[in-house]
Structure formats: C-alpha cells, structure tokens
Amino acid sequence: VSQSRYSPGEYIVDVEPQSGFTQLFMKLGMDPKNAKIARYWIKTQKLDRSLRVGEFSVKNNWSYAHALYQVLTQAPNYHMVTIREGENIWEIYNTLKTIFPKLSQEQYLDLLSDKKLLDTMGVPSHPRGNLEGFLFPETYTYQKYNSPRDLIQNMTQEFERRARPILAQHPWSQSREG
C-alpha cells in the first residue's frame, strides 16, 4: 500500500500476480478477525472470482466494504507512456526501460524480432529483421502488470490501424500490387 500520486486522501492498493483475498485484506488494513465476514460478503455479492491484478485507488475515508468493492469491481489504474515520432528502437527501448526496469536489451531485441509479431506485420523472416518502423508513435496506456510484449503489440496494432490505410493509398504501394 502506498500513498496515491493521483490525489491526497487516497492510497494505492497493489494487487500482485498470484495474490489472494488474504493478501488483499492485509493491504486494506483489515483486522484478520473480520476476514471470514469479508469472505462471506464477497461470496454473497458474487465477487469471489473478481480479484484482478493491478493498482487500485482507494480513498482513506472509505469503509473496508467500500474499498473492497472498489478493488473488486473497478478497472485497475492506468498509466501513460509516450513514444515520440522519429524515435529509433533504442530511444523507444530507453522509454520502455523506465516502465519495465528488468527489460534487458536482449529481451527487447527478441521481442522486436519475434516471428509471430513480424508475421502479423508482414515483415519477412530475416536474421536481422525487426519491427523498427512499425512501432507507431503515440501515447499509450498500460497497467502496472502489463508486459513489454503487450505494449509493443499495441504499438504495432496502432500502426496497422492508422498508418497502413495511408500507405495503401500511396502510388508506390498501388504499383507494387498490380
């Protein structure tokens, strides 16, 4: 649990992968004696399958039930990252490294040369082929436990959505098809 960077009077409840309700109760500061009642309440509200990973904003003045309901029914907090136009793969790597500190250069290069991602983008398999030029510049949202692959896939999907139609209209592209 940490102080919210969004507004005073809030704190962040971080639900980590593989955590359960017991850990959530502890993070909310709930008395362990009330855990049985909380579990019963969760079951009666049909929320017993609703625990998701991520960071959730909770107000300091909320009851345990209200805070628990918030964590179990609302989407986790989103963060933003901007990939600027003209950035090369190493500048993008440095940006991603601020979000994913454990992302090594080797892992990043493996992602950029991933056969499945390359096939999706229509890039022929080549020992030096990668997704450079397909990582669309934009501001992206992500959640704390998203993976670098998720973000790179979002960039390539944005390229497909926004750049491909424009490129398809280019005379060079049309002359290659004919």
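Using the scaling law 2.2 N^0.38 Å as the reference, what is the normalised Cα Rg of segment 9-67?
Normalised Rg, Cα atoms only: 1.07.
Give me the count of lysine pairs in the chain whose alpha carbons sit under 18 angstrom apart, restricted to pairs 8 or more positions apart or on different chains.
Details: LYS27/LYS36; LYS27/LYS59; LYS27/LYS144; LYS33/LYS43; LYS36/LYS46; LYS97/LYS144; LYS102/LYS144.
Lysine pairs, 8 or more places apart or on different chains, close enough: 7.
For segment 75-178, what is the per residue volume of the convex hull drawn over the alpha-carbon atoms, in cubic angstrom?
Details: hull volume 12.1 nm³, N = 104.
Each residue corresponds to 117 Å³ of Cα convex hull volume.
Tell me the mean residue ellipticity at 222 nm calculated for the chain from its helices only (DSSP H runs of n ≥ 4, each -39500 (n - 2.57), averaged over every residue, nearest 500). Can you show the working numbers first?
On the way: 9 runs with 80 residues, N = 178.
For the chain, the value works out to -12500 deg cm²/dmol.
At 1.4 Å probe radius, can you tell me the per residue accessible area of the chain in Å²? Numbers along the way, then the final one.
Numbers: 11480 Å² over 178 residues.
On a per-residue basis, 65 Å².
Compute the relative contact order of segment 28-142 as a whole-number percentage, counting only Cα pairs closer than 8 Å that sit 6 or more residues apart in sequence.
On the way: 87 pairs, mean separation 30.0, N = 115.
Relative contact order here is 26 percent.
Would you kindly work out the equivalent ellipsoid of segment 40-132 from its C-alpha gyration tensor and give its semi-axes, the square roots of five times the eigenvalues, largest first in whole Å?
One finds semi-axes of 41, 17, 11 Å for segment 40-132.
Hey, any idea what the orientation-averaged projected area of the convex hull of the chain's Cα atoms comes to, in nm²?
The orientation-averaged projected area of the Cα hull of the chain comes to 13.7 nm².
At 1.4 Å probe size, with no ligands or nucleic acids counted, give the accessible surface of HIS126 in Å², nearest ten.
110 Å²
Compute the angle between helix 148-162 and the longest alpha-carbon principal axis of the chain, please, reported from 0 to 90 degrees and rounded to the nearest 10.
50 degrees
Leaving ligands, DNA and RNA out of it, rank VAL53, VAL81 by accessible area with a 1.4 Å probe, largest first.
Values: VAL53 60, VAL81 10 Å².
Output order, biggest surface exposure first: VAL53, VAL81.
The values are calculated or read from the model by the stated rules, or taken from the named source; none is laboratory data. In this text the structure is predicted, and so the values were computed from the model without any measurement. Please note that ligands, DNA and RNA were not included when accessible areas were found on the heavy atoms of the full protein model with its side chains. Shrake-Rupley method; radii C 1.70, N 1.55, O 1.52, S 1.80 Å.
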